[in-house]
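Worksheet: one structure, shown below.
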Amino acid sequence: MPPVVERGSAATETKRPGDPHGHVTVEQVELSAELAGAEGRAATADVAEYALWLGDDALILAQQLGMWIARAPELEEDVALANIALDLLGHARSFLRYAGTFDGRTEDDLAYWRDEPEFRCAWLFEQPNGDFAQTIARQLAASVHLFELYTALQGSSDETLAAIAAKAVKEVEYHRDHAVQWTLRLAGGTDESRSRLVRAIGDVWPYVGELFRDEPLIDRLDGVAVRPSALRPAFDAVIAAVFAEAELEVPAGPVSSGGGRRGAHFSTLGYLLAEMQVLARQHPGATW
């Protein structure tokens, strides 16, 4: 059963003397109503696995960006990164809810009660925040990739995946613009900001290649899933344009082995999951 927000009496009935706000409440609301996707449609095993790919990518990146709240270099960035994280969390909820229709698990079950090998996120999303430049380098690669992915996924023969993508692509377009503007700002700022960005791009770029690998699952989902390798030309074109304006070079170094789609993860994911899951696991079944 989806979580609900309980509400009591109207504010006008519970306002206390000297309290200008009163006791503000809302009608009982099912939080799942805000999620994108067709109702009552169950995913097949392969579609559920693909939805886990996309949901886990968004969930882990949301968790990473949420760690910047109250730590960003300026107050406006606290708000911007928090809003991006909330958008991604919404995407994750939609994809995970759909994945769970295959075997009856909820989005919370999938987020809090899977162990590290059961997650399907790519290694790029698991990279540590590092300094602000490293977060921006990771965000640039992630948001450009997600924009191309969701643009293509709107044409999926699976109505639920197409609906989620249609909603998500509008939000990811802002995420991409935010990352591009910060890339240009850091590249054209001080010697220190530029050197940190160059180092960050070098650290992040080995993990980009995994996003465009065609796993066997893709062959089984022809017409449903987006073929990752087909997204690479558009991704490279956007990155080339941004880097040209910023007078940066695309790193030509090694490419990581990856393995996140098969449950083999970067060393940081276990620590991130421990923090994300601790409350749910220490107090199973708790509601508030």
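The values are calculated or read from the model by the stated rules, or taken from the named source; none is laboratory data. Just so you know, these numbers come straight off a predicted model, no measurement behind them. Cβ sites come from the backbone with ideal geometry, for glycine too, and all protein chains shown count toward neighbours.
Table: residues versus (1) in a loop (DSSP other than H, G, I, E, B); (2) outside the structural domain of Leu184 (by TED's automatic domain parsing); (3) surrounded by 10 or more Cβ atoms within 10 Å (Cβ to Cβ); (4) of a type in the set (D, E, K, R).
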position: Leu248; (1), (2), (3), (4): yes, no, yes, no
position: Pro251; (1), (2), (3), (4): yes, no, yes, no
position: Pro254; (1), (2), (3), (4): yes, no, no, no
position: Ser257; (1), (2), (3), (4): yes, no, yes, no
position: His265; (1), (2), (3), (4): yes, no, yes, no
position: Gln277; (1), (2), (3), (4): no, no, yes, no
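Pick from the stretch 103-126 the residues that are of a type outside the set (D, E, K, R) and over 13 Å from the mean Cα position of the chain (by Cα): which of them is nearest to Val278 (Cα to Cα)? I'd like the intermediate steps shown before the answer.
Applying the first criterion (of a type outside the set (D, E, K, R)) to the stretch 103-126 yields 104, 106, 110-113, 117, 119, 121-125.
Filter once more, so that each one left must be over 13 Å from the mean Cα position of the chain (by Cα): 104, 106, 110, 112-113, 117, 119.
Details: Gly104: 23, Thr106: 18, Leu110: 14, Tyr112: 8, Trp113: 10, Pro117: 17, Phe119: 16 Å.
Out of the qualifying residues, it is Tyr112.
Out of the residues in the stretch 59-76 meeting the condition of being in a helix (DSSP H, G or I) and in contact (Cβ under 8 Å) with a residue 40 or more places away in the chain, tell me which one is surrounded by the most Cβ atoms within 10 Å (Cβ to Cβ). In this case the residue turns out to be Leu61. Among the residues of the stretch 29-72, not one is modelled with pLDDT of 90 or more and touching a strand residue (DSSP E or B) at 6+ places or on another chain (Cβ under 6 Å).
The rows are residues; the columns are (1) assigned to a helix (DSSP H, G or I); (2) more than 18 Å from Pro251 (Cβ to Cβ); (3) of a type in the set (Ser, Thr, Tyr); (4) out of contact with any strand residue (DSSP E or B) (no Cβ under 6 Å at 6 or more places or on another chain).
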position: Lys167; (1), (2), (3), (4): yes, yes, no, yes
position: Arg176; (1), (2), (3), (4): yes, yes, no, yes
position: Val180; (1), (2), (3), (4): yes, no, no, yes
position: Thr183; (1), (2), (3), (4): yes, no, yes, yes
position: Glu192; (1), (2), (3), (4): yes, yes, no, yes
position: Leu197; (1), (2), (3), (4): yes, no, no, yes
position: Val204; (1), (2), (3), (4): yes, no, no, yes
position: Val224; (1), (2), (3), (4): no, yes, no, yes
